[in-house]
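The block underneath contains the structure these notes are about, expressed in structure tokens.
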Amino acid sequence: MRQIILDTETTGLEPSQGHRIIEFAGLEMVNRKLTGRSLHLYIHPEREIDPDAERVHGISLDFLADKPRFASVGPEIADFLRGAELIIHNAPFDVGFLNAEFERLGIERIDTLCASVIDTLVMARDQFPGKRNSLDALCDRFEIDRSNRTLHGALIDCELLGEVYLWMTRGQNSLVMDIDLDAGGGAELAALEFERKPIKVIRASEEELSAHAAYLDELDKAVKGTCLWRSLENPPAAEAQA
């Protein structure tokens, strides 16, 4: 299965209000492994960037002054995505912007261009209901290093999202998933021997046993008889012999 981990940065929140994509990033993954193939582009939006959006991603219009317009890179993005399954955090946002950009160029929409879309935000809400499920929160939950993420950026977000996705779907992994059975890996697998190490038993010291006995004496006094713990330590003879 060919998958693309995808993220965009934009001039604002609503493509219906004319906001545009200013950064696109996609990382290709096949059989749950990054292939090294990627596409990362900065794009001139042909409009102003909302100050609130710029504070989030740190991309200014001055920085984009010499960058290509979407019309010149849209076909390249479409070709890169074609036939893949997309992995996106909060997919409606990015898909909405891509559909708006593709529509301007007469390119087919994501739902026909791509095989399917996985929304990791929806996955996270299902797995962790009632908890924060932002990309930052998920990285912290899975102990993924995000120290390089001082601002939102499409490329770094893709890299982090890829690790988050693999963590959230780790149940799909096999302990031997990397063995190529078609290349004779089956023989290697059959030859594997798994050794169970003996369990280390740490016995109580005399001091600890004495403290435990004193505690049971106190329990006996509290219940005015024999506490339940003593019956568990000294089962009836018939039960002990069973």
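The values are calculated or read from the model by the stated rules, or taken from the named source; none is laboratory data. Bear in mind that the values here come from a model prediction, so they are computed numbers and not experimental data. Cβ placement follows ideal geometry from the backbone for every residue including glycine, while neighbour counts extend to all protein chains displayed. Heavy atoms of the whole protein, side chains included, go into the accessibility calculation; ligands, DNA and RNA do not. Shrake-Rupley method; radii C 1.70, N 1.55, O 1.52, S 1.80 Å.
Things to note:
- Residues in the range 79-123 that are charged (D, E, K, R), more than 20 Å from E14 (Cα to Cα) and open to solvent by less than 50 Å² (accessible area, probe 1.4 Å): E85 alone.
- Any hit, the range 46-57, residues being within 23 Å of G83 (Cα to Cα), outside any strand (DSSP E or B), open to solvent by less than 70 Å² (accessible area, probe 1.4 Å) and modelled with pLDDT under 95: no
- The lone exception for G184 - which of (1) loosely packed, with under 14 Cβ neighbours inside 10 Å; (2) modelled with pLDDT of 70 or more it fails: (2)
- Residue check, L64 more than 20 Å from the chain's Cα centre (by Cα) and surrounded by fewer than 18 Cβ atoms within 10 Å (Cβ to Cβ): no
- Of the residues in the range 84-94, at least one is farther than 21 Å from R2 by Cα and hydrophobic (A, V, I, L, M, F, W, C).
- Among the residues examined, G36 does not qualify as assigned to a loop (DSSP other than H, G, I, E, B) and surrounded by fewer than 15 Cβ atoms within 10 Å (Cβ to Cβ).
- Some residue of the range 124-134 being under 21 Å from C158 (Cβ atoms), touching a Lys or Arg at 6+ places or on another chain (Cβ under 6 Å) and either in a helix (DSSP H, G or I) or open to solvent by less than 40 Å² (accessible area, probe 1.4 Å) (or both): yes
- Look at (1) modelled with pLDDT under 95; (2) assigned to a loop (DSSP other than H, G, I, E, B); (3) surrounded by 14 or more Cβ atoms within 10 Å (Cβ to Cβ) and you find that C139 fails only one, number (2).
- For L64, the conditions (1) touching a helix residue (DSSP H, G or I) at 6+ places or on another chain (Cβ under 9 Å); (2) part of a loop (DSSP other than H, G, I, E, B); (3) in contact (Cβ under 8 Å) with a residue 40 or more places away in the chain all hold with the exception of (1).
- Among the residues of the range 1-37, those that are within 20 Å of the chain's Cα centre (by Cα) and without any contact (Cβ under 8 Å) to a residue 24 or more places away in the chain comprise K33, T35, G36, R37.
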